[in-house]
Amino acid sequence: MFYDPTYLIWVLIPSLVLAAFAQWRVKSSYAKWVKVRNSRGLTGVETAQIIMRERGLESVGIGRVPGEMTDHYDPRTKTINLSDSSMGDSVAALSIVAHELGHAEQDLTGNAMLNFRTRIVPVANLGSKLSWILIVAGIMMNLLQLSWLGVLLFAAAVLFTLVTLPVEFDASRRAKGNLTALRLVTPAESNGVNAVLNAAALTYVAAAAGAVLQLAYWIAVVGRRD
């Protein structure tokens with residue numbers, strides 16, 4: 001497929017450009033606001049504790065994870081895992097911590113989209129690993145039903161990326177709302193929160209767009225041979 005001009009022009013190049021732009025936005029926004037200390041001098045952990053107390057999330061644990069921007073919420077252990085930089089007192093740290101607690105709030109309140117995404121994880125993982133093998137094998141052996149099965153599995157992986165969008169947007173919405181309502185940031189710092197979280201959301205948009213483009217390509221390829 002890498003020798004197919006259609007794939008290069010309509011899938012690979014646009015996907016790479018979108019991904020590169022999204023990563024640039026994330027890194028530039030983070031690099032700016034990780035250097036800005038929040039006016040209250042709150043660390044990431046202190047910010048988490050305030051939000052947890054005010055939003056009834058005391059059951060959520062706080063863990064530590066190596067790296068930078070590797071923060072995540074683990075629904076299995078009900079724990080937000082924070083990177084070293086998010087333990088600091090920067091505006092970027094507050095933004096990321098509040099976002100991960102947004103996921104915790106989704107989980108503990110039974111957010112429908114988060115629950116749906118969790119349920120499709122197994123088939124999405126299977127699709128991301130096996131789909132292209134089935135598609136190519138089906139084409140080579142002229143077993144188009146096998147190729148269509150691969151397309152279906154890949155569609156499940158694409159669905160996962162699409163469902164991720166409202167989940168991430170909602171977590172950021174909750175983060176912005178909590179930081180503002182609890183007066184943990186000033187209006188000027190809110191601009192930094194928006195910049196960091198909006199840039200992070202763009203990476204998910206880029207991933208979803210790339211996945212949709214690739215799905216459309218596979219449908220067209222298999223469809224031409226059917």
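The values are calculated or read from the model by the stated rules, or taken from the named source; none is laboratory data. Predicted model only: the values in this text are computed from it and were never measured. Here the Cβ is made from the backbone with ideal geometry for all residues, glycine too, and neighbour counts use every protein chain on show.
Regarding the range 170-183, can at least one residue be identified that is modelled with pLDDT of 95 or more, closer than 28 Å to MET52 by Cα and outside any helix (DSSP H, G or I)? Within the range 170-183, one or more residues are modelled with pLDDT of 95 or more, closer than 28 Å to MET52 by Cα and outside any helix (DSSP H, G or I). The set of residues in the range 152-175 that are surrounded by 20 or more Cβ atoms within 10 Å (Cβ to Cβ) and among the basic types (Lys, Arg) contains only ARG174.
Just give me the residues in the range 75-95 being assigned to a helix (DSSP H, G or I) and within 21 Å of GLY56 (Cβ to Cβ), in sequence order. Scanning the range 75-95 gives a single hit, LEU94. Taking interchain pairs and intrachain pairs at least six residues apart, which have beta carbon atoms under 9 angstrom, with the first residue in the range 4-28 and closer than 19 Å to ILE219 by Cβ and the second surrounded by 12 or more Cβ atoms within 10 Å (Cβ to Cβ) and aromatic (Phe, Trp, Tyr)? If the second residue must be surrounded by 12 or more Cβ atoms within 10 Å (Cβ to Cβ) and aromatic (Phe, Trp, Tyr), the pairs left are ASP4/TYR217; THR6/TYR217; TYR7/TYR217; TRP10/TYR217; VAL11/TYR217. Looking across the range 69-126 at every residue that is free of Cβ contacts under 8 Å to residues at least 12 places away in the same chain and basic (Lys, Arg), the one that is surrounded by the most Cβ atoms within 10 Å (Cβ to Cβ) is identified as ARG119. Does any residue of the range 35-50 turn out to be modelled with pLDDT of 95 or more, farther than 16 Å from VAL196 by Cα, among the small types (Gly, Ala, Ser) and in a helix (DSSP H, G or I)? Checking the range 35-50: at least one residue is modelled with pLDDT of 95 or more, farther than 16 Å from VAL196 by Cα, among the small types (Gly, Ala, Ser) and in a helix (DSSP H, G or I). Looking at this structure, is LEU57 farther than 21 Å from LEU165 by Cα, part of a loop (DSSP other than H, G, I, E, B), touching a helix residue (DSSP H, G or I) at 6+ places or on another chain (Cβ under 9 Å) and at pLDDT 95 or above? Yes.
The sole residue among LEU153, LEU134, LEU114 that is in a helix (DSSP H, G or I) and either under 15 Å from the mean Cα position of the chain (by Cα) or closer than 28 Å to ALA31 by Cβ (or both) is LEU114.
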